[in-house]
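Colleague: Supplied in C-alpha cells, the structure appears directly below.
The values are calculated or read from the model by the stated rules, or taken from the named source; none is laboratory data. Everything quoted here is computed from the prediction, not taken from an experiment. Heads up, the Cβs are rebuilt from the backbone with ideal geometry, glycines too, and the neighbour counts pull from every protein chain shown. Accessible surface is based on the protein model in full, side chains and every heavy atom, while ligands, DNA and RNA are left aside. Shrake-Rupley method; radii C 1.70, N 1.55, O 1.52, S 1.80 Å.
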Amino acid sequence: MRPPTPSQTVGPFFGYALPFPGGGDLVPPGHPRAITVHGAVLDGAGQPIPDALLEFWQADPAGGLAGAPGSMRRDPVTGSFAGRSGVGFTGFGRVATDADGHWTLRTLPPGPAAPGALPYISVCVFARGLLHHLYTRVYLEDGAGDPLLDSLDPDRRATLIARPEQDGAYRFDIHLQGSEETVFLDFG
Amino acid sequence: MSTNPPTPEPQAVIDAEMARVQAEAEKAHADGAPEELQPRRDYPPYRSSVLRHPKRPLVAAPEAFTELRGPVFGVTDVTELDSDLTRQHHGEPLGERIVVTGRVLDRDGRPVRGQLVEIWQANASGRYAHKGDQHPAPLDPNFTGAGRCLTDDEGRYTFTSIKPGAYPWRNHLNAWRPAHIHFSLFGTAFTQRLVTQMYFPNDPLFPYDPIFNSITDERARQRLISTYDHDLSSPEWSLGYRWDIVLDGPSATWMEEGR
Ligand SMILES: [Fe+2]
C-alpha cells in the first residue's frame, strides 16, 4: 500500500474557488419533492464558523448511488458557471457557511442504499482551522437496524438525526467540539 | 468591560510548542506507535485548530455503502481554459510561469481516472483574489488563481499557472506561510476525498509554519513537496514541477477487488 498524501486545512480563502452557484440546490427551486436541510457549523465555544465548507453526497430517491456529472457545469462561452441542467440527479452538493455559520441544502430525500437500510446524506466538513476534513451523516429520521446508530449511546446518536421543522425542512447543526459534539466517522 | 486585543505571540513561542509536539510524536513512534500519516487535528501551535477539532474519537462506520461511492464529474464540469490560470484575463499575469503536473493514484497505485482536481492560490505577490485578504501586497488584475481539470486515463492532471508568493497571516507575530497551491481532489469514493496544499522544494519557511508541521512524520511532510523537474520546463517559457498524489481511504472497487 502506498502511503497517502496528507491533508491540509482548506484555509480561509477557498471562497472564490470551490463554492459554485447552485452548489446547495440539487433540485431546481420549487421542485415538488424537494426537502430543505439546514443548520449551523459551530466550534467548541458554541460560536458559529463562518468559513466552513460542507460537501454532501447521497443516494437518489430510489437508493441509486451512480450519481451523475453536471453538478458544476461550466459555460465555455463565458467561462462562468451554467448551473445544473435540472435533468437527472447528481447526488453532490457543496455549500460554504455564511457569516452566521449557517448552511442550506435543497435536495431530494435519499433512498436506502441497501435493502432495508436507513437512508442518510453523507457530509464532509472542511474549515479554516480544521487540518483534516471530517465525515458525518444526516439521517432524516431515526429507525431500527442501522449498525452505526445502534453502536451509539442515545445522546451521541441524537447528533446524527435531523430535527423536522415546518414545510419539509430539517435542522441539522454540526458541532466540531463540545458537549454536543457531532459524531464523526472513520472508514478505516 | 473593555478588552485589549491580545499581544501577538512571537515566533519563538510557536517554535517551542512545535518542537515539543514533534519530540512527543517521535518518541511515541519509537515506542511502537504507528506512523502518523495525516496531520493532527489537535495541533495547538495552529491556533485556529484549538476549538475546531473533535475531542471524542472518530466512530467506525460499518456498512458504508454510500461513502464507498462518490460524486462523478464530466466534460460539462470543466472547460479547456480552466486548467490554464494564466489565460483567464485579457493580459498576462505577473510572476514566474510554472507548469504543475502529476498523477492521482489510489493506495494500490491505480490511477484515478476522469475525476475532478481543483486548485486555488495566491498571486506572485502572495495576495489572494479574496476580500478577506487585505495585506499590503498588490492584486494582479490578470490573475484570479483558481483552476480545475479532470484527470486523464493515467490519472494525470496538468495546470499552467504562476508561482505563488509567500504570504503573512495572523497565527502569531511575523507568521508567514510557505508558498503553496491549494488542491482539492476526488476519488471514486467519497471516503477518498482530499483537500491539501502543495509546496515548493527548499522553502526556507517550512520550519516556521505550524500548518505544514501539523504533520509530525517527516516522511509524510515530504509528500506535500513538489519536485522541480527540468524536463518539464519549457525553453523561454515556464518552469516545471511534478507532484503525485495518493488518495487515502477505501473505495467500493478497492473493497470488491481486495477480497
Ligand atoms: Fe493559502
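Colleague: Using a 1.4 angstrom probe on the protein heavy atoms only, could you order B:Val72, B:Val59 from most to least accessible area?
Modeller: Ranked from most to least accessible, the order is B:Val72, B:Val59.
Colleague: Run the 1.4 Å probe and let me know the accessible area of B:Glu92, rounded to the nearest 10 Å².
Modeller: For B:Glu92, the solvent-accessible surface is approximately 100 Å².
Colleague: When all alpha-carbon pairs of segment B:113-241 are counted, what percent fall beyond 26 Å?
Modeller: Tail of P(r) above 26 Å: 26 percent of Cα pairs.
Colleague: Once every Cα of segment A:38-89 carries one equal point scatterer and solvent is ignored, give the base-10 log of I(q)/I(0) from the Debye formula at q = 0.22 Å⁻¹, two decimals.
Modeller: Summing over Cα pairs of segment A:38-89 leads to -0.90.
Colleague: Please give the average number of partner chain Cβ atoms lying within 10 Å of the Cβ of each residue in B:207-215, rounded to a whole number.
Modeller: Counting other chains' Cβ atoms within 10 Å and averaging over B:207-215 gives 2.
Colleague: Can you list the residues of segment B:76-116 whose accessible area drops by at least 30 Å² going from the chain on its own to the full set of protein chains, with a 1.4 Å probe?
Modeller: In segment B:76-116, residues shielded by partner chains: B:Thr76, B:Asp77, B:Thr79, B:Arg107.
Colleague: For B:Lys55, list the aspartates and glutamates whose Cα falls under 13 Å from its own Cα; do not include residues on the same chain fewer than 8 positions away.
Modeller: Excluding near neighbours in sequence, the set is A:Asp43, A:Glu180, A:Glu181, B:Asp42.
Colleague: Could I ask something else about it? Given R₀ = 35 Å, what would the calculated FRET efficiency be for A:Val77 paired with B:Glu154, taking r from the Cβ atoms and rounding to 0.05?
Modeller: 0.70
Colleague: Here's something else I'd like to know. Please compute the Cα-Cα pair-distance distribution of segment B:102-148 with 5 Å bins starting at 0, giving whole percents from short to long.
Modeller: 5, 19, 21, 13, 10, 10, 12, 8, 3, 0
Colleague: Another one. Quickly work out the A:Glu180-to-B:His135 label distance, labels modelled 7 Å from Cα along the C-beta direction, and quote it in nm with one decimal.
Modeller: 3.5
Colleague: Throw me the Rg/Rh for chain B, computed over C-alpha atoms with Kirkwood Rh, two decimals.
Modeller: Checking Rg against Rh, the ratio lands at 0.98.
Colleague: I would also like to ask the following. If you take every DSSP beta bridge whose two residues both sit in segment A:1-146, what share of them, in percent to the nearest 5, is antiparallel?
Modeller: So the antiparallel bridges in segment A:1-146 amount to around 95 percent.
Colleague: Further question on the same structure: Please state the relative contact order of chain A as a whole percent: Cα pairs under 8 Å, 6+ residues apart?
Modeller: Once normalised by length, the contact order is 29 percent.
Colleague: Could I ask something else about it? If you take the accessible area of B alone, add that of A alone, and subtract the area of the pair, what total do you get in Å², probe 1.4 Å, to the nearest 100?
Modeller: The contact between A and B buries close to 6800 Å².
Colleague: Calculate the FRET efficiency for A:Arg163 and B:Asp244 from the Cβ-Cβ distance with a Förster distance of 51 Å, rounded to the nearest 0.05.
Modeller: Given R0 = 51 Å and the Cβ-Cβ separation, E is 0.70.
Colleague: Please list the non-local residues whose amide H lies under 5 Å from the amide H of A:Asp173, H modeled 1.01 Å from N, same-chain partners needing a gap of 5 or more.
Modeller: A:Ala40
Colleague: Straight-line reach from B:Lys27: which aspartates and glutamates have a Cα under 15 Å away, not including same-chain ones fewer than 8 places off?
Modeller: Here the aspartates and glutamates satisfying the reach criterion relative to B:Lys27 are B:Glu35, B:Glu36, B:Asp217, B:Glu218.
Colleague: Nearest 500 deg cm²/dmol is fine: what mean residue ellipticity at 222 nm does the protein assembly as shown get from its DSSP H runs of n ≥ 4 alone, each adding -39,500 (n - 2.57), divided by its residue count?
Modeller: Rounded to the nearest 500, it is -2500 deg cm²/dmol.
Colleague: Return P(r) of segment A:1-43 (all Cα-Cα pairs; 5 Å bins starting at 0; whole %; ordered from short to long distances).
Modeller: 5, 12, 14, 18, 17, 13, 11, 7, 3, 1
Colleague: Calculate, for the protein assembly as shown, the solvent-accessible area per residue in square angstrom, rolling a 1.4 angstrom probe over the heavy atoms of the protein chains.
Modeller: Heavy-atom SASA per residue in the protein assembly as shown reads 44 Å².
Colleague: Taking the alpha-carbon set of the protein assembly as shown, what are its Rg and Dmax in Å?
Modeller: For the protein assembly as shown, the Cα-based Rg and Dmax read 21.5, 66 Å.
Colleague: Return the ratio Rg/(2.2 N^0.38 Å) for segment A:1-76, where Rg is computed over Cα atoms only.
Modeller: Compactness ratio reported: 1.43.
Colleague: Let me see the P(r) profile for segment B:1-141: every Cα-Cα distance counted, bins of 5 Å, each bin given as a percent of all pairs.
Modeller: 1, 6, 8, 10, 13, 14, 16, 14, 10, 6, 2, 0
Colleague: Out of all DSSP beta bridges with both ends in the protein assembly as shown, state the antiparallel percent to the nearest 5.
Modeller: 75
Colleague: Report, as a whole number in µm² per second, the diffusion coefficient that Stokes-Einstein gives for segment A:81-188 at 10 °C and 1.306 mPa s using the Kirkwood radius over alpha carbon pairs.
Modeller: Answer from the Stokes-Einstein relation: 102 µm²/s.
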